[in-house]
């Protein structure tokens, strides 16, 4: 029962993560390369997995502490993914700012 709820949450989270990633990229560009993009998506997917997991757990009658602990686990894994993404993003060279030339 628990593993089914986790798998359903992660499956929906993978799709929701694509949307969250797209919305995030509209606000700020990524400069950290491929690994930054991967961990950014994984963080979005983990955060997007929590709500479908909770809904599935409630419908299947899972105990509250099990459901709450797993949701906190999703949140913690998402935080780890954000931290790893931040490491790659902080090592990226800063984008060159276009400066207007004054004549």
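The values are calculated or read from the model by the stated rules, or taken from the named source; none is laboratory data. Quick caveat, the model's predicted, so the values are computed rather than measured. Note that each Cβ is placed from the backbone with ideal geometry, even for glycine, and that neighbours are counted across all protein chains shown.
Take the residues in the stretch 20-30 that are in a helix (DSSP H, G or I), over 15 Å from residue 50 (Cα atoms) and touching a residue at least 12 places away in the same chain (Cβ under 8 Å); name whichever of them is nearest to the chain's Cα centre (by Cα).
So the residue we want is 21.
Given (1) at pLDDT 90 or above; (2) assigned to a helix (DSSP H, G or I), where does residue 62 come up short, assuming only one miss?
(2)
Scan the stretch 65-86 for residues that are modelled with pLDDT under 90 and surrounded by fewer than 14 Cβ atoms within 10 Å (Cβ to Cβ) and report the count.
Matching residues across the stretch 65-86 total 0.
Which numbered condition in (1) at negative phi; (2) modelled with pLDDT of 90 or more is the only one that residue 90 fails?
Against the list (1) at negative phi; (2) modelled with pLDDT of 90 or more, residue 90 comes up short only on (2).
Which of the residues that make up the stretch 31-46 are free of Cβ contacts under 8 Å to residues at least 60 places away in the same chain, surrounded by 17 or more Cβ atoms within 10 Å (Cβ to Cβ) and not in a helix (DSSP H, G or I)?
none
Pick from the stretch 5-19 the residues that are under 10 Å from the mean Cα position of the chain (by Cα) and over 30 Å from residue 93 (Cβ atoms): which of them is surrounded by the most Cβ atoms within 10 Å (Cβ to Cβ)?
Only one residue tops the list, namely 13.
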